[in-house]
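Visitor: Below are the structure tokens for one structure; questions will follow.
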Amino acid sequence: MTRKFHVIGNWKLHHFMEDSRKLARAVLDGSRQYLDSMVVGVSPVHTTLWAVHGELSDRPENFWLVGQNAYHENEGAFTGAVSYRHLKDAGCDGAIVGHSERRRIFRESDDEIMAQLESAIRAQLHVIYCIGETGEEREAGKTLDVIERQLGEALRHVPPSGRQAIKFIVAYEPVWAIGTGVNATPEQAQEVHAAIREIIAGRWTSEEADRVPILYGGSLKPSNAREIFSMPDVDGGLVGGASLKADTFLDLVRIASEVAGK
Ligand code: PGA
């Protein structure tokens with residue numbers, strides 16, 4: 001297997017300073033034994049990033065601090081914005097781009113998300129690029145069309161440097177599974193993950209497609225993770241609710257490490 005497993009906790013708008021530092025420390029200590037063979041990451045609220053970066057100053061290369069999202073411009077008259085360069089400056093190793101909550105709640109357009117993708121790669125961050133269909137789109141049989149559109153466009157925006165350094169990670173997150181308690185079945189996840197890898201192979205090369213980690217996200221928890229992680233094209237998870245407590249998240253990390261040699 002040429003790809004590493006990745007388990008990334010997306011804390012969204014949860015936890016203030018002290019709890020963020022404590023949780024980050026607990027996750028680093030609890031996952032250290034697995035970090036030779038996999039990547040573990042935490043993605044706290046922007047205002048806590050620098051403090052969490054300090055807390056994690058002894059983290060090895062495979063433990064990532066991940067920014068949740070940012071604006072595509074690096075500087076200027078953009079009140080309230082944070083740039084990907086600022087995320088890097090605050091100590092981030094990676095960043096999430098295109099999360100469905102950004103697309104839906106914050107009404108970020110495809111163009112804005114593509115500009116963010118380029119900006120995040122230019123800032124030398126590992127990009128976790130999220131795609132996924134809504135429940136309506138799935139029911140209408142449009143899942144693979146949506147994936148093709150969201151992914152195809154992104155693949156055109158990743159420069160060769162982004163491919164070579166394995167800076168580009170895909171997260172398949174069906175919108176209907178996020179925060180709902182209803183996860184995709186392992187078969188549903190595998191079907192889309194295999195399609196994602198095929199699309200990448202078609203646009204780039206099959207060697208490159210083989211190297212891109214494809215994470216599943218959407219109501220992942222210890223009780224469903226093993227089956228989903230066991231699928232051949234699932235290379236880990238982007239975890240929301242189950243990442244907010246150290247013990248639950250570390251269960252997911254352990255399960256991933258057990259499955260990683262599949
Ligand atoms: P969830 O969120 O695990 O709470 O469903 C996943 C995500 O939005 O990344």
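Visitor: Which percent of the accessible heavy-atom area of the chain goes to carbon and sulfur, probe 1.4 angstrom? Kindly include the intermediate steps, with their values, before the conclusion.
Guide: Details: 5740 of 11520 Å².
Summing carbon and sulfur atoms, their accessible area is 50 percent of the total for the chain.
Visitor: Another question about this same structure. Express in nm, to one decimal, how much length is gained between Ala140 and Thr47 on full extension, taking 0.36 nm for each residue of separation and deducting their alpha carbon distance.
Guide: Working: separation 93, 0.36 × 93 = 33.48 nm, distance 4.01 nm.
Fully extending the segment from Ala140 to Thr47 adds 29.5 nm.
Visitor: Could you tell me whether the range 55-108 comes out rounded, prolate or oblate from its Cα gyration tensor? Rule is a ≥ b ≥ c as square roots of the eigenvalues, rounded for a/c under 1.5, then prolate if a/b exceeds b/c, otherwise oblate.
Guide: Numbers: a/c = 3.16, a/b = 1.54, b/c = 2.05.
Oblate, since a/c reaches 1.5 and b/c is not below a/b.
Visitor: Magnitude of the Cβ-charge dipole of the chain, K/R +1 and D/E -1, about the Cα centre, nearest 20 debye? Could you put the intermediate results ahead of the total?
Guide: On the way: 29 positive and 37 negative charges, 91 e Å.
It comes to approximately 440 debye.
Visitor: So, one more: From the C-alpha coordinates alone, can you work out the Kirkwood hydrodynamic radius of the chain, in Å? Could you put the intermediate results ahead of the total?
Guide: Numbers: mean 1/r = 0.0553 Å⁻¹.
The Cα-based Kirkwood calculation yields 18.1 Å.
Visitor: Through the Karplus equation 6.51 cos²θ - 1.76 cosθ + 1.60, θ set to phi - 60°, convert the phi angles of the range 159-173 into ³J(HN,Hα) values in whole Hz; use x for Gly and Pro.
Guide: Listing the rounded values in order: x, x, 5, x, 6, 5, 7, 6, 8, 10, 10, 9, 10, 8, 10 Hz.
Visitor: Place +1 on the Cβ of every Lys and Arg and -1 on the Cβ of every Asp and Glu in the range 88-203, take the dipole about the Cα centre, and give the residue among Gln164, Gln190, Thr134 whose Cα lies farthest towards its positive end.
Guide: Towards the positive end, the residue furthest out is Gln164.
Visitor: Show me, for the range 135-143, the HN-Hα J-couplings you get by feeding each phi into the Karplus relation (A = 6.51, B = -1.76, C = 1.60, θ = phi - 60°), rounded to Hz, glycine and proline as x.
Guide: Here the 3J(HN,Hα) series is x, 4, 5, 5, 4, 7, x, 9, 3 Hz.
Visitor: Also: Have a look at His99, Ala51, Tyr84 and report the one farthest towards the positive end of the charge dipole of the range 1-110, computed about the Cα centre with Cβ charges (Lys/Arg +1, Asp/Glu -1).
Guide: The Cα lying farthest towards the positive end belongs to His99.
Visitor: Can you list residues from other chains, or at least 5 along the same chain, whose modelled amide H is less than 5 Å from the amide H of Gly237?
Guide: His6, Val7, Ile8, Tyr216
Visitor: Amide H of Ser83: which non-local residues (sequence gap of 5 or more, or other chain) have their own amide H closer than 5 Å, using H built in the peptide plane?
Guide: It is Tyr71, by chain and number.
Visitor: Below 8 Å between Cα atoms, with a sequence gap of 6+, how large is the relative contact order for the range 5-260 in percent?
Guide: On the way: 482 pairs, mean separation 53.4, N = 256.
With pairs under 8 Å counted, the relative contact order is 21 percent.
Visitor: With +1 on the Cβ of every Lys and Arg and -1 on the Cβ of every Asp and Glu, and nothing else charged, how large is the dipole of the range 163-217 about its Cα centre, in debye rounded to the nearest 20?
Guide: Working: 5 positive and 7 negative charges, 51 e Å.
It comes to approximately 240 debye.
Visitor: Here's something else I'd like to know. Tell me which aspartates and glutamates have Cα within less than 13 Å of Lys22's Cα, excluding those fewer than 8 residues away on the same chain?
Guide: Glu55, Asp247
Visitor: Residues with amide H under 5 Å of Val97's amide H, sequence separation 5 or more or different chain, H placed in the peptide plane at 1.01 Å from N; which?
Guide: For Val97, the qualifying residues are Ile128, Tyr129, Cys130.
Visitor: Quick check for you: with a 1.4 Å probe and neighbouring chains kept, what is the accessible area per residue of the chain, in Å²?
Guide: Working: 11520 Å² over 262 residues.
Normalised by residue count, the accessible surface of the chain is 44 Å².
Visitor: Something else: Would you please calculate the Kirkwood hydrodynamic radius of the range 114-262 over all C-alpha pairs and express it in Å, rounded to one decimal? Mind showing how you got there, number by number?
Guide: Working: mean 1/r = 0.0639 Å⁻¹.
Answer for the range 114-262: a Kirkwood hydrodynamic radius of 15.6 Å.
Visitor: Given the rule -39500 (n - 2.57) for each run of at least 4 DSSP H residues, summed and divided by the residues of the chain, what is its mean residue ellipticity at 222 nm, to the nearest 500 deg cm²/dmol?
Guide: On the way: 12 runs with 117 residues, N = 262.
So the helix-based figure for the chain works out to -13000 deg cm²/dmol.
Visitor: Quick one: Karplus J couplings for the range 246-257, per residue in order, coefficients 6.51, -1.76, 1.60, θ = phi - 60°, nearest Hz, x for Gly and Pro?
Guide: Calculated HN-Hα couplings, in order: 4, 5, 5, 5, 5, 4, 5, 5, 4, 4, 4, 5 Hz.
Visitor: Answer with one residue from Pro232, Leu144, Ala260: the one whose Cα lies farthest towards the positive end of the charge dipole of the chain, charges on Cβ with Lys, Arg +1 and Asp, Glu -1.
Guide: Ala260
The values are calculated or read from the model by the stated rules, or taken from the named source; none is laboratory data. A quick note: this is a predicted structure, and the numbers were derived from the prediction, not measured. Positions of Cβ are generated from backbone atoms using ideal geometry, with glycine treated the same way; all protein chains shown enter the neighbour counts. Note: areas computed on protein heavy atoms with side chains; ligands, DNA, RNA excluded. Shrake-Rupley method; radii C 1.70, N 1.55, O 1.52, S 1.80 Å.
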